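Structure first, then comments.
The values are calculated or read from the model by the stated rules, or taken from the named source; none is laboratory data. Values in this document were obtained by computation on a predicted structure and should not be read as measured data. Note that we place each Cβ from the backbone using ideal geometry, even for glycine, and neighbour counts take in every protein chain shown.
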Amino acid sequence: MSAAIRVVHTILTKDFGFEHVLWIFSGRRGIHCWVCDSRARKLGHDAREAIINFLSCYQGKEKKINVSMNQYGHMHPSMQRAYEQLLPYFEDLLESQGWMDTPEACDKILEFIDPSLRDEFRPSNDDDAGLQKWFELKNRVKSFLFRQKKFTAATNSVRSCLQRIVFYHAYPRLDVNVSKHLNHLLKSPFCVHPKTGKVCVPIDPKEADGFDCNAVPHILQLHDELNAFRSTDGSSKATWSSTSLKPSIELFRQFVTKLMNAARVENPRSYAKHIAAKAQQDVATNEW
């Protein structure tokens, strides 16, 4: 998830110029991204589809990764940046999950190379650690490409094999239909996942690497925290500020404040009407 946040957040903010991007934990294994800029909210189906196609590189159930290179072996700058961002994550996962520890695992990695050339890139020692085999493969690819004077269909598979291996294992899988269609239901922040009982809390993209799914507040945990607060304080007005949700709600409030400030600048008349309507509401406290 942290790799997905780093890559997609950079593309959305750097390449498309969006400023108000909110990341939400799904409550289970994934994440949701809310792009809240006014121009993003007004995009139609075709524009949404164009953006999601720009973000996508994984095609079909087979190992088909759309990594196009020019005659000099260079990818699109956005893809090159994503590759550099994903490489450390991939190497960590390769070591922890044993993706190249066994000969059978290495064969799956070498499937990204044309069959006629795979033997040239097999590890010299099957007993080496997977990460060591990966570094050996990188050096062999570099040496092979340096010797080539003319590229064929087979040698082209070597030129982009490292990038395709990393993207296949580490690039985020995007839910295309939810992203481009306007009739899909979206999970709201702070709702509770029906199976895990975890709260769908926002994630700070700058702190994504430190996000721990197991530390996300559970609905029963919040129930116990509220009861504990009432028993010690003797008050019946326990709020979110007395629970482990406090940091997440504060993060969400900061995001909404920036979004409302942007709306005030973009459309001051509409913002003034919103504030006037809010002031007329009979609200006893400022808590959300």
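Based on what the data block shows, is Trp23 surrounded by 13 or more Cβ atoms within 10 Å (Cβ to Cβ), closer than 28 Å to Asn214 by Cα, more than 20 Å from the chain's Cα centre (by Cα) and not acidic (Asp, Glu)?
Details: surrounded by 13 or more Cβ atoms within 10 Å (Cβ to Cβ): yes; closer than 28 Å to Asn214 by Cα: yes; more than 20 Å from the chain's Cα centre (by Cα): no; not acidic (Asp, Glu): yes.
No; evaluated as a whole, the condition is false for this residue.
Out of Ser236, Ser188, which single residue is surrounded by fewer than 15 Cβ atoms within 10 Å (Cβ to Cβ), modelled with pLDDT under 85 and on the phi < 0 side of the Ramachandran plot?
Ser236
Just the residues that are within 18 Å of Thr10 (Cβ to Cβ) and either in contact (Cβ under 8 Å) with a residue 60 or more places away in the chain or under 15 Å from the mean Cα position of the chain (by Cα) (or both), please, taken from the range 59-83. Step through it out loud before you land on a result.
Within the range 59-83, the subset within 18 Å of Thr10 (Cβ to Cβ) is 67, 75-83.
Of everything in the range 59-83, those that are within 18 Å of Thr10 (Cβ to Cβ) and either in contact (Cβ under 8 Å) with a residue 60 or more places away in the chain or under 15 Å from the mean Cα position of the chain (by Cα) (or both) turn out to be Val67, Met75, Ser78, Met79, Arg81, Ala82, Tyr83.
So that you can scan it fast, the table gives a plain yes or no per residue for (1) in a loop (DSSP other than H, G, I, E, B); (2) in contact with a Leu (Cβ under 9 Å, 6 or more places away or on another chain); (3) of a type in the set (Asp, Glu):
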{"residue": "Ile165", "(1), (2), (3)": "no, yes, no"}
{"residue": "His169", "(1), (2), (3)": "no, yes, no"}
{"residue": "Arg173", "(1), (2), (3)": "yes, no, no"}
{"residue": "Val178", "(1), (2), (3)": "no, yes, no"}
{"residue": "Ser188", "(1), (2), (3)": "yes, no, no"}
{"residue": "Thr196", "(1), (2), (3)": "yes, no, no"}
{"residue": "Leu226", "(1), (2), (3)": "no, no, no"}
{"residue": "Ser241", "(1), (2), (3)": "no, no, no"}
{"residue": "Arg253", "(1), (2), (3)": "no, no, no"}
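Considering every residue within the range 119-132, establish whether at least one is without any contact (Cβ under 8 Å) to a residue 60 or more places away in the chain, more than 17 Å from the chain's Cα centre (by Cα) and within 13 Å of Leu162 (Cα to Cα).
So the first thing to find is which residues in the range 119-132 are without any contact (Cβ under 8 Å) to a residue 60 or more places away in the chain, and the list is 119-132.
Subset that is more than 17 Å from the chain's Cα centre (by Cα): 119-132.
Subset that is within 13 Å of Leu162 (Cα to Cα): 121.
Yes, the range 119-132 has at least one match.
Determine which member of the set Ser160, Ser68, Ser96 is surrounded by 13 or more Cβ atoms within 10 Å (Cβ to Cβ) and of a type in the set (S, T, N, Q).
Numbers: Ser68 fails: surrounded by 13 or more Cβ atoms within 10 Å (Cβ to Cβ); Ser96 fails: surrounded by 13 or more Cβ atoms within 10 Å (Cβ to Cβ).
After ruling out the rest, the residue left standing is Ser160.
Of the numbered conditions (1) modelled with pLDDT under 90; (2) in a helix (DSSP H, G or I); (3) out of contact with any Ser or Thr (no Cβ under 6 Å at 6 or more places or on another chain); (4) closer than 30 Å to Phe112 by Cβ, Ala154 satisfies every one except a single condition; which is it?
The number of the failed condition is (3).
All but one of (1) under 28 Å from Asp209 (Cα atoms); (2) part of a helix (DSSP H, G or I); (3) in contact (Cβ under 8 Å) with a residue 40 or more places away in the chain; (4) in contact with a helix residue (DSSP H, G or I) (Cβ under 7 Å, 6 or more places away or on another chain) hold for Glu95; which doesn't?
So the condition that Glu95 fails would be (3).
Each row is one residue, and each column tells you yes or no for (1) hydroxyl-bearing (Ser, Thr, Tyr); (2) touching a helix residue (DSSP H, G or I) at 6+ places or on another chain (Cβ under 7 Å); (3) under 29 Å from Tyr83 (Cα atoms).
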site: Ala170; (1), (2), (3): no, yes, yes
site: Arg173; (1), (2), (3): no, no, yes
site: Ser179; (1), (2), (3): yes, yes, yes
site: Lys206; (1), (2), (3): no, no, yes
site: Cys213; (1), (2), (3): no, no, yes
site: Gln221; (1), (2), (3): no, no, no
site: Lys237; (1), (2), (3): no, no, no
site: Ala263; (1), (2), (3): no, yes, no
